[in-house]
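Data block below; observations after.
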Amino acid sequence: MEGSPGTSMHGVTGREPVLAFSVASPMVPTDKTAHFDLPVDSEHKAKKFKLFSFANPHMRTFHLSWISFFTCFVSTFAAAPLVPIIRDNLNLTKGDIGNAGVASVSGSIFSRLVMGAVCDLLGPRYGCAFLVMMTAPTVFCMSFVSSAGGYVAVRFMIGFSLATFVSCQYWMSTMFNSQIIGLVNGTAAGWGNMGGGATQLLMPLLFEIIKSAGATPFTAWRIAFFIPGWLHIIMGLLVLTLGQDLPDGNLSTLQKKGEVAKDKFGKVLWYAVTNYRTWIFVLLYGYSMGVELSTDNVIAEYFYDRFDLKLHTAGVIAATFGMANLVARPFGGFASDYMARHFGMRGRLWTLWTLQTMGGVFCILLGRATSLPVAITFMIIFSIGAQAACGATFGVVPFISRRSLGIISGLTGAGGNFGSGLTQLLFFTNAKHSTGTGLSYMGIMIVACTLPVAAIHFPQWGSMFFPPSKGVVEEHYYIKEYTEEEREKNMHLGNIKFAENSRSERGGNRVVSEATPPHA
């Protein structure tokens with residue numbers, strides 16, 4: 001039966017102290033009858049996050065998830081730090097480079113939407129493993145590109161792999177309790193996003209090593225792409241063989257045993273697209289994660305051209321932007337969780353608005369910087385704001401809907417890629433605008449598109465400026481996702497458990513134990 005212990009596919013996303021390395025959820029009762037390496041709740045989701053543990057299945061899943069996402073980030077942006085070499089080899093224009101940047105993040109708009117449905121219906125293990133391995137050939141194809149059109153097309157196809165973000169966030173939500181899932185999601189996604197910074201170091205280093213071995217520059221960059229290609233194959237096999245969909249086993253096995261009911265795609269999709277909060281977060285993520293993706297594509301070229309730096313030096317500076325994900329995104333999740341403990345969901349919303357707006361302001365300043373030290377300083381603060389906002393975003397997203405978490409995560413993730421593609425098309429493909437001017441315009445866009453946070457209202461918790469609606473509790477909100485007929489079949493029981501665990505979103509002294517409303 002759906003809703004029995006350990007069978008929930010639609011967990012929540014929260015976050016907790018990133019430097020504590022071992023974080024526990026104190027407010028949720030422990031299921032002492034379950035046999036896991038970590039303490040778990042009634043759904044067998046881990047109540048404790050031990051960063052350096054490989055406890056099966058919770059922490060093993062965490063590490064498989066972020067490393068696979070990291071690998072896809074490396075390959076998607078592997079071309080960016082080598083653009084000064086590639087553009088000479090393929091005779092690329094500024095328009096070609098800009099179009100390739102747009103293409104690299106546009107492919108996963110569709111794939112992220114599909115991945116959300118795959119996670120809901122087939123499980124995150126298959127979704128992650130198959131996508132990583134299916135995109136490996138496209139990474140190898142970069143070594144054989146001979147024209148601008150081919151370059152754009154291959155970067156488009158490699159970008160499909162970024163849909164592993166959706167499986168990453170969804171997977172964490174099936175494994176960790178809502179009280180700590182913010183930090184877990186923030187760390188998994190943040191460390192995965194770190195691949196965008198790591199590739200700024202890795203690819204120039206591989207290029208130099210291969211060139212020093214005797215290869216010409218135009219051959220060295222091509223050989224370098226074989227490394228991320230093989231990483232795709234290796235990670236796909238590891239996820240497939242070592243991963244597990246849910247705490248109690250793989251989804252297909254549990255469905256055959258009758259422990260997990262099969263949901264209907266139409267129902268899952270309906271509750272995702274008819275919730276207005278979904279679309280606000282699509283926009284918000286478009287100008288947090290979206291601008292991060294855009295910046296990954298242009299930042300090395302910006303420092304290389306504007307300050308007349310060496311390729312390796314520009315790559316090292318650019319790498320700090322992506323590498324900030326090591327702590328910035330987990331910090332956003334932690335800040336969201338911390339504010340929620342004191343101020344509830346309203347604290348999460350204020351945290352999101354503050355971090356994302358700060359990122360936008362410093363993005364504007366980065367584009368106007370005239371000295372290298374000032375530009376680096378503005379870039380780092382911009383990076384922290386944008387990436388922490390990503391973490392804070394997925395501190396709220398899991399509370400929008402329990403039943404449709406996969407689809408909503410997919411839509412939100414796709415919004416990030418759509419925002420990136422649109423931003424690059426508007427500000428970084430036109431030869432009339434310098435990259436610096438484009439960055440400033442992008443910052444203005446961030447500030448403006450963050451304002452709709454104020455319109456997000458949860459009737460049981462309130463919004464930035466308004467208190468919760470009178471008489472509405474968590475159970476009222478979450479059982480509305482099921483019809484009377486579905487409730488008679490007890491399909492809503494998992495939502496009731498989730499509602500009880502989410503009372504912490506009331507904040508402060510409002511977190512009290514109440515009986516489940518009648519007819520819930």
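The values are calculated or read from the model by the stated rules, or taken from the named source; none is laboratory data. Please read all numbers here as calculations on a predicted model, not as lab measurements. Neighbour counts run over all protein chains shown; Cβ positions are idealised from the backbone, glycine included. The area values use the complete protein model at the heavy-atom level, side chains included, leaving out ligands, DNA and RNA. Shrake-Rupley method; radii C 1.70, N 1.55, O 1.52, S 1.80 Å.
Some observations on this one:
- Extending 7 Å from the Cα toward the beta-carbon at both Asn91 and Glu488 defines two label points whose distance is 7.2 nm.
- Contact order, relative form, for the chain: 24 percent (alpha carbon pairs under 8 Å, 6 or more residues apart, mean separation divided by residue count).
- Interchain or long-range residues, amide H under 5 Å from Lys50's placed H: Val23
- HN-Hα J in Hz across region 125-136 - Karplus 6.51, -1.76, 1.60, θ = phi - 60°, x for Gly and Pro: 5, 4, x, 5, 4, 5, 5, 4, 6, 5, 8, 4
- Whole-percent carbon and sulfur share, accessible surface of the chain, 1.4 Å: 68
- Amide H contacts for Gly344 (H built 1.01 Å from N in the peptide plane; partners 5 or more residues away or on another chain; cut-off under 5 Å): Gly507, Gly508.
- Intensity falloff of region 38-196 expressed as log10 I(q)/I(0), Debye formula with alpha-carbon point scatterers, at q = 0.10, 0.14, 0.17 Å⁻¹: -0.41, -0.70, -0.92
- Relative packing of 445-456, 120-131, which averages over residues the other C-beta atoms within 10 Å, highest first: 120-131, 445-456
- Considering region 263-361 at the alpha-carbon level, its Rg and Dmax are found to be 18.1, 57 Å.
- Under 5 Å, built H, 5+ apart or other chain: amide partners of Phe176: Ala46
- Order of exposure, largest accessible area first, which applies to Glu488, Glu292 with probe 1.4 Å: Glu488, Glu292
- Averaging the sequence gap over all C-alpha pairs within less than 8 Å and six or more residues apart, then dividing by the number of residues, gives region 234-391 a relative contact order of 24 percent.
- R0 of 30 Å, Cβ-Cβ distance Tyr276-Phe110: FRET efficiency to nearest 0.05: 0.85
- Where region 97-238 is the region considered: accessible area per residue in Å², 1.4 Å probe: 29
- Ser371-Leu242 FRET efficiency (beta carbon distance; Förster radius 56 Å; 0.05 resolution): 0.70
- Across region 410-422, computed HN-Hα scalar couplings (Karplus, 6.51 cos²θ - 1.76 cosθ + 1.60, θ = phi - 60°) run x, 5, 4, x, 5, x, x, 6, 5, x, 5, x, 5 Hz from first to last residue, x flagging Gly and Pro.
- Proximal lysines relative to Lys257, as straight alpha-carbon distance under 21 Å, when same-chain residues fewer than 8 apart are discounted: Lys45, Lys489
- C-alpha long axis of helix 226-242 to longest principal axis of the chain, angle in °: 10
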